[in-house]
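What follows is one structure encoded as structure tokens, with my remarks underneath.
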Amino acid sequence: ILIIPMPFIGFSIYGYFSDKMAMKEALMVGAGVSGIFLLFYVFFFLKKLFSSDWEGVVVALTEEEHLYHRNNANSSYTDRNEYYYMYVVKIQTTSGKIKKIENKSQNSFYYNYFKVGDKIKYHHDIDYYEKYDKTNDTHILCPFCSKVNPITDDVCKCGAPIMK
């Protein structure tokens, strides 16, 4: 909240002491930048207000093959079809809703990490899915940088604590 009026104050001071920008123009630019800061603050406040943590149980793990059709104008080939796999983890929340975690082929950590029947908690502030029982796990995902770490580590290479 303290950062929102700073551009307005800064441009006002700049317009008052500088010959490069008129005071009216400085006030308009400062108000515009402060308004953008205010919009970001309202957006993130509303997002936090309407989202919340939830708990659930993994009910299904599925692999779905998808066709990606690419038309490449720079190539001698007119069309090219590529396949990729979508790894889906379905979680039933305590309220009965079904949530999905979908990852493409190159990023399927949650699919390999969770098992059917695992109890999960979603942390909306950091967009992280935490598994309650990690007793038989050898690796864990960093909640902040999303790198895979050995379960024996307490701190990730990025410096963030690992949620055990």
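The figures follow:
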quantity: Whole-angstrom Cα spans of the range 85-158 along principal axes, big to small; calculated: 36, 27, 26
quantity: Model label zone, Thr94; criterion: amide N under 13 Å from point 7 Å along Cα-to-beta-carbon; scope the range 35-53; calculated: 53
quantity: Carbon plus sulfur fraction of accessible area for the chain, probe 1.4 Å, in percent; calculated: 58 percent
quantity: Principal-axis tilt of helix 6-17 within the chain, Cα atoms, nearest 10 degrees; calculated: 30 degrees
quantity: Angle between the chain longest axis and helix 23-50 axis [Cα atoms, degrees, rounded to 10]; calculated: 30 degrees
quantity: Max mean-square fluctuation residue, GNM over the chain, Cα-Cα springs under 10 Å, options Ser12, Ser108, Ser95; calculated: Ser12
quantity: Sorted peptide list for 131-141, 111-121, criterion being average Cβ within 10 angstrom, highest first; calculated: 111-121, 131-141
quantity: Zero-based 10 Å bins, Cα pair distances in the chain, whole percents; calculated: 9, 22, 21, 17, 18, 11, 2
quantity: Estimated inter-spin distance, Cys158 and Ala60, nm [label 7 Å along Cα→Cβ]; calculated: 3.1 nm
quantity: The chain, dipole about Cα centre (Lys/Arg Cβ +1, Asp/Glu Cβ -1), debye to the nearest 20; calculated: 180 debye
quantity: For the chain, accessible area per residue (1.4 Å probe, heavy atoms of protein chains only), Å²; calculated: 71 Å²
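The values are calculated or read from the model by the stated rules, or taken from the named source; none is laboratory data. Every value quoted in this text rests on a predicted model; they were computed, and no experiment measured them. Positions of Cβ are generated from backbone atoms using ideal geometry, with glycine treated the same way; all protein chains shown enter the neighbour counts. Surface accessibility is based on the protein's heavy atoms, side chains included, excluding ligands, DNA and RNA. Shrake-Rupley method; radii C 1.70, N 1.55, O 1.52, S 1.80 Å.
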